[in-house]
Structure formats: C-alpha cells, structure tokens
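Structure record follows, encoded as structure tokens.
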C-alpha cells in the first residue's frame, strides 16, 4: 500500500522518518540519562497518562473541558516542537512552487501527524488498559464515556498536530517590509573588544538563537526549570516530599549542562574547518566556549547557595546546612566532570551524567529532615 | 623574467581517503596574479585551502615570504625557516594566517550572521585592515544596502561580492580566490578585473585564482593541475 501512495506522500513520510530518527539519535544520551535515573518514575507517569481523559466525565463541565483541552495540547506538543524538523525550511522552499494539490498536502501532514501520534496512542492504550484492569470505583459508572473521551482527545490531538504542520508549511503572506533604519551609506566597522568575547558571541551565542536553531530556547527553558525546581526545593510545599524536588533539581541541572555542552561540541565541530585558516588561536576559543557552557549551571548553583543561605538565616526547620554544602560541592564537581573529558564516548558520558544525578539525588534527599 | 618567490610549496603530499591528490608537489609563486587551471576534481580548491592553512598537508612545507619585493630577505624562501621574513605555515601558523586569506565557497559559512557582523568579525581578525578601503570596495560592489541583511538572504553574486570586497581590502601578502567570477554581473566582473590588474596591488600581493574562464587580466603565471 505504501508503495502505491503518491510520491509526495512517500517523500513526506520518509522525510519525517528520517527527521524522527535524527531526533531520537540526538536525544539518545539524554533519554538514556533520564531512563537510567528515573525509569520507574517515568513508567508510573506513563501509566497515568490516560487518567485525565478517563476521569473527566466524573467532573463538572468546565473542569472536564479544561482537562481534555490540556490533554490535547500535551499530546500535540511533539508536533509543535518538531515542526521545523518535519518541515525543514529548505524543503519548504523547494516544495512550495511545485504543483501539489492542497488535499495532497493535507493528507501528507495528516500522515506525518499520525506517525507522531502512533507511539503516544500505544502508551495511551496501555495506560487505559491498566486503569480498566484496576477498575476503580469512580470509573465503573462512566467507563464508556471515559474511553470515548480518551479516544476523542487523541483524535483532537491528531487534528491539532495536522493543523500545526499545515500552518508551518503555509506560504507566508506577502507583507510589506517594515521601514527600518535607512540603508547604510557607508561602512564603518564596530570595534570588537575584547576580541575573544566577541568571537564567542558571534560564533557560539548568535547561532543558537537565529534561524531555525532552538538550542538557545531549549537551554533557557532548562535553566528556568532548574531554577524553579531549586526554589521549590527550598520551600518544599506539601504534599510532595522534598527529596523529589531534590531529584528533579539534580536531573535538570545535569541535563542543562549535558545538552549545553553537546551543543557547544557540535558547533565546535562545525566551526573547526571554517576557522582553520583564520589568524586566531582556535584552541583557546573552543576552550572558552566549553567553559562558558558552564555558566547556566553556575547560575543554578548560585541560586541554590543563595536560597540555602536565606533558609539558614531564617532558621528554616529541618535544614541540614552541611548537606547543602556537600550537595553544592558535589554538583560543582559533577559539572566539571561532564564537560572536561573531550574524547569520551557517548556511553561513558551517559555513565558520568547518570552517576552524577544519582549521587546528587542521594545527597539531596538528606537536605530536609 | 626572474621569479621573486612569495609562496613556496615544497614536497607537498596530500591525499583524500579515495585518492592521492598531491605527491612530492613543488611550487613557487611570486607577486602578481597566478591562474590555476584544471579539470573538476583536479585539486584546485584543495591546493588553495592548503596554501591558506585551512587544510593541513600530510607532508611537505608551505612557506610565505612576508617581505615586500626587493627587500633583503627575498632570496631566503627555499631555505630554512630561520629568517624573520620567511613564515612556515606550521611553525608560525598564526603569523602565516595573518598574511593570507582564502576567498571561496558558494554558500555562507557563517549563515547566522548579517553582512555587517561578518565584515566586523573579519576586520577584527586582521587589525591592520584598511577600513576606508573596505568601505570603497563595498560601495563599488553596490553592497552598502545589504549591510543589515542576513548572509543567507544574499544572492549567489552578492555573496561572492561580499567575500571579494573583504578579500580586496585585507592587507595580506597571499590572496587565494576560488572562482572569483562565479555569479558576478558584468559591471562587477569589470571592476574585479580592474582591481586584480592594479599594478600597485600586483607588486605587493601574490594572488592565486582558480577559474574555468580566462580571467582576462595580465597574468604572472598560468598553472595547469
């Protein structure tokens, strides 16, 4: 059947397959880290995935609607995050002038969205089966409606994913360019001093924020997540045990450094042949870039230290200042251990990061008694 | 006419995984424009990149004579790298690169930068560059309007012009230009020929260019690979 599909459909599904393999390969080390450290927790979360749809019929209308909407949004998140990979800019530029019928484009987007939804649907099916097998009291009277709503939420998520992909591929409207500054009438260079800092900014900062590169946004979200997690750990609101916030902080901190360092390594590999003929000491530049990759983690550790000082000064009950100091030192060492080995294999790197997460989680569990 | 060597390549060996490209390759080039010819895949771009320091040879030496023609150190090139004016591409890599520039490639190498950022970056790397000269080159190539544009929005010809404007303005001894006429309009081609034929420039720079078209400028040497 696949062979008889329209060549454009075949092309789009192959492109999506290739893009997804690429994403899986790029996330492999991080996914291994998360699975090693938090496999059981994730399994538990997967088991609960279908819960919002199942429980919705037992709630009042507004709550049920909000719950289903949230579930649809979460299920459509992969399409939102991966839309630029599934519709790469150069492929869009190539395909827009081609005589492809709109219906065929929609079919292709729906097929690609279905590829994204397939694994999620399997997890939903397993999760629903687990709940039906457990057969809790609240589910019995609404079982049929619950299953129907779960299926509906999946179908809506599929539709939303298709819409997101179609929106990405849409020809941008011809807008009149903004009247910016008048065109330059002469060129006068800006002084780039200090040169090393400017080189880093132009070669290792700007590329992560421009065009389709999402590394800057990804690292910012991870940084915010880590800071928020550390802040929540400080106040550890009930009923979540403080150790769980410690584990989350450790995980986010290590993933932040790991992903950042991975991006710096990839950019270094890209730049190496380009700047080989430039009159600069490239080794020094690459070392600076790797060292600057530690700054987000340093900000998180500084935030942790400040919060713990505040907690200590306000005599927060149950705080172990000694544990806080040990966690801080261990976390700092773990950051260095992550970026220092430049020739290490991917497997060895996963080992270091997983070991660091487990160690930090174990130490952190003693922070609040 | 006696050749005054600026670029000296001796016993060069370089190979790709699929085939050897240069074996025991020797070359000496003086000031002026040298035209490097050859079929596709003959190694023209590779030779330019080796001479620019962008690729490392597997064996052999690549040296640059820094002194202007007529100065005392000029006869040193073939000898040891002991004189202050003879710069070995491996032993004094940084100084060698300050005196050479490779201008090539059809696609932007730093696609996230604007034209202005690209130029600022390169001028910062060559501190003795003449800013007024670069301004004049940009004006001549009609590029001033594009300064705020991302490099990726330039046409092939505009991208070539940006590289050429920069190359012509840098105070380098060795200028390596890969296919300089690709994508240029007729006016830009005329201007480029005029610049490359400039006697003052030809007296101080060793310019090596590859082209499948006859450059139609006075040539110091033509090399067939």
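Values quoted throughout were computed directly from the atomic coordinates according to the rules given, and no laboratory measurement underlies them. Keep in mind that what you see is a predicted model, and the values were worked out from it rather than measured. All Cβ positions, glycine included, derive from the backbone under ideal geometry; neighbour counts span all protein chains shown.
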Between the modelled labels at residue A:299 and residue B:61 (7 Å from Cα along Cα→Cβ) the distance in nm is 5.2
Per-residue average of Cβ from other chains inside 10 Å of B:111-117: 5
For peptide B:48-59, what's the mean number of Cβ atoms from other chains within 10 Å of each residue's Cβ? 2
Ranked by Cβ crowding within 10 angstrom, fewest neighbours first, how are B:114, B:153, A:361 ordered? B:153, B:114, A:361
Length gained when the stretch residue A:340-residue A:142 is fully extended (0.36 nm per residue, less Cα-Cα span): 65.7 nm
Using a Förster radius of 35 Å, what is the FRET efficiency between residue B:132 and residue B:182 based on their Cβ-Cβ separation? Nearest 0.05, please. 0.80
Is the C-alpha gyration tensor of the stretch B:96-157 telling us rounded, prolate or oblate? Criteria: a/c under 1.5 is rounded; beyond that, a/b larger than b/c is prolate, otherwise oblate. oblate
Could you list the residues of the stretch A:132-158 with an amide nitrogen less than 15 Å from a label point located 7 Å from the Cα of residue A:47 in the Cα-to-C-beta direction? A:132-136
Bridge orientation stat for chain B from DSSP, antiparallel percent rounded to 5, came to 45
Using a/c under 1.5 as the rounded threshold, could you call chain A rounded, prolate or oblate? The axes a ≥ b ≥ c are square roots of the C-alpha gyration tensor eigenvalues, and prolate needs a/b larger than b/c, oblate otherwise. oblate
DSSP beta bridge pairing in the protein assembly as shown, given as percent antiparallel to the nearest 5: 50
Between residue B:213 and residue B:155, Cβ-based FRET efficiency (R0 22 Å, step 0.05) works out to 0.70
State, as an integer percentage, the relative contact order of the stretch B:5-224 based on alpha-carbon contacts under 8 Å between residues 6 or more apart. 28
Across peptide A:270-276, what mean number of C-beta atoms from other chains lies inside 10 Å of a residue's C-beta? 4
Highest to lowest packing among B:31-44, A:308-321, scored as the average C-beta count within 10 Å: B:31-44, A:308-321
Label-point gap, in nm, between residue B:13 and residue A:14 - each point 7 angstrom along Cα→Cβ: 4.3
Counted neighbours (other Cβ, 10 Å), sorted fewest up, put A:287, B:118, A:292 in the order A:287, A:292, B:118
Take the alpha carbon gyration tensor of the stretch A:7-169, find the square roots of its eigenvalues, order them as a ≥ b ≥ c, and report rounded if a/c is under 1.5; if not, report prolate when a/b exceeds b/c, else oblate. oblate
With the 8 Å Cα cutoff and a minimum separation of six or more residues, the stretch A:7-169 has a relative contact order in percent of 42
The relative contact order of the stretch A:248-343, taking Cα pairs under 8 Å that sit 6 or more residues apart, comes to a percentage of 39
Where does chain A land at 222 nm, in deg cm²/dmol rounded to the nearest 500, when only DSSP H runs of n ≥ 4 count, each adding -39500 (n - 2.57), divided by all residues? -25000 deg cm²/dmol
Taking a virtual spin label 7 Å from the Cα of residue A:347 along the C-beta vector, which residues in the stretch A:228-268 bring their backbone nitrogen under 13 Å of it? none
Summing -39500 (n - 2.57) over every DSSP H run of at least 4 residues in chain B and dividing by its residue count gives a helix-only mean residue ellipticity at 222 nm, to the nearest 500 deg cm²/dmol, of -8500 deg cm²/dmol
Inter-site label distance for residue B:224 and residue B:88 at 7 Å from Cα along Cβ, in nm: 3.5
Residue order, fewest to most beta carbons within 10 Å, for B:103, B:202, A:329: A:329, B:202, B:103
How do A:220-229, A:165-174, A:191-200 rank on mean C-beta neighbours within 10 Å, highest first? A:220-229, A:191-200, A:165-174
